[in-house]
Every structure is written in C-alpha cells, then in structure tokens.
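Read through the structure below, which is laid out as structure tokens, and then see the notes.
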Amino acid sequence: RWMRSKFVESYIKWKLPLKKYNIVPNHSFDEQISSCRIALLPDRFYSCVEEGSIMLKRAANWSFCEKGVVCEQDASPVEADLVILATGYRGDKKLMNIFKSPLFQKIVSGSESNTLGLY
C-alpha cells in the first residue's frame, strides 16, 4: 500500500503544477487517502488559474474588505467576486474562529444535529 501511494503521489506532483502555484500539500498522499481528503478539480481548473480567472492564495491570516480580501502577505487587497475558503479538516471550527461574536459562531457552525461525523 505504501509503495502504491508513493507512486501515485509522485505522479500527481509530476503531472499537476502544484509547486508552481505553491499548493503542494503538507501531508502525504497516504495520509490524504486515510483521512478521506481527496480533492477533485473541475475541467480546465489550471487553465483558469493560468489565465487569471481563478486566483490561488495561501494565507494563515486574512480578512474581508470592501474590495475583496486582504491576505497577510499582500500589501493591497485582492479584488474578488467570490471567495472559496479551502480550510481542510474541521473547516467548521476554523470558520467559527473567524468571528468573535458567539451568535455568529453559532450561525456558522450550525447545530450538532446537522453535523455528520466521518469517523
């Protein structure tokens, strides 16, 4: 199993421009498979990134502004019509922590009865 996952990981890193866009995962393919974290990309995803209609940003700290999003590494805001937060595992907890207000935290997280655990 380990050898197959290393082969697949090597192939994906060779085939997709992950390094070019600074989106190489911090975990191995084996870890990704084991925790059910597999990403499927739409057709022409990297073509859209190349032409600029999709922008990829990696930032630990960011905030919304009138024009879009301000990322910690950028001096000026990134103008955006739509922002997709790819937060990874337990994204609901990460999104909750964006807000200081308990009311907004509750709205974002939903109720326990609406949550389906994978493990």
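Going by what's in this entry, would Val69 be described as closer than 25 Å to Asn26 by Cβ, modelled with pLDDT of 80 or more, in a loop (DSSP other than H, G, I, E, B) and not acidic (Asp, Glu)? Against the criterion (closer than 25 Å to Asn26 by Cβ, modelled with pLDDT of 80 or more, in a loop (DSSP other than H, G, I, E, B) and not acidic (Asp, Glu)), Val69 does not qualify.
Examine segment 1-18 for a residue that is in a loop (DSSP other than H, G, I, E, B) and at pLDDT below 80, and state whether such a residue exists. Yes, there is a match, as at least one residue in segment 1-18 is in a loop (DSSP other than H, G, I, E, B) and at pLDDT below 80. Counting the residues of segment 72-119 that are modelled with pLDDT of 65 or more, small (Gly, Ala, Ser) and closer than 20 Å to Pro25 by Cβ gives 1. The set of residues from segment 25-55 being exposed (fewer than 12 other Cβ atoms within 10 Å of the Cβ) and either over 24 Å from Glu79 (Cα atoms) or modelled with pLDDT of 75 or more (or both) comprises Asn26, Cys36, Ile38, Ala39, Leu40, Pro42, Asp43, Ser47, Glu51, Gly52, Ser53.
The values are calculated or read from the model by the stated rules, or taken from the named source; none is laboratory data. As the structure is a prediction and not an experimental result, all values here were calculated from the model. When we count neighbours, we look across all protein chains shown, and the Cβ atoms used for this are built from the backbone with ideal geometry, even at glycine.
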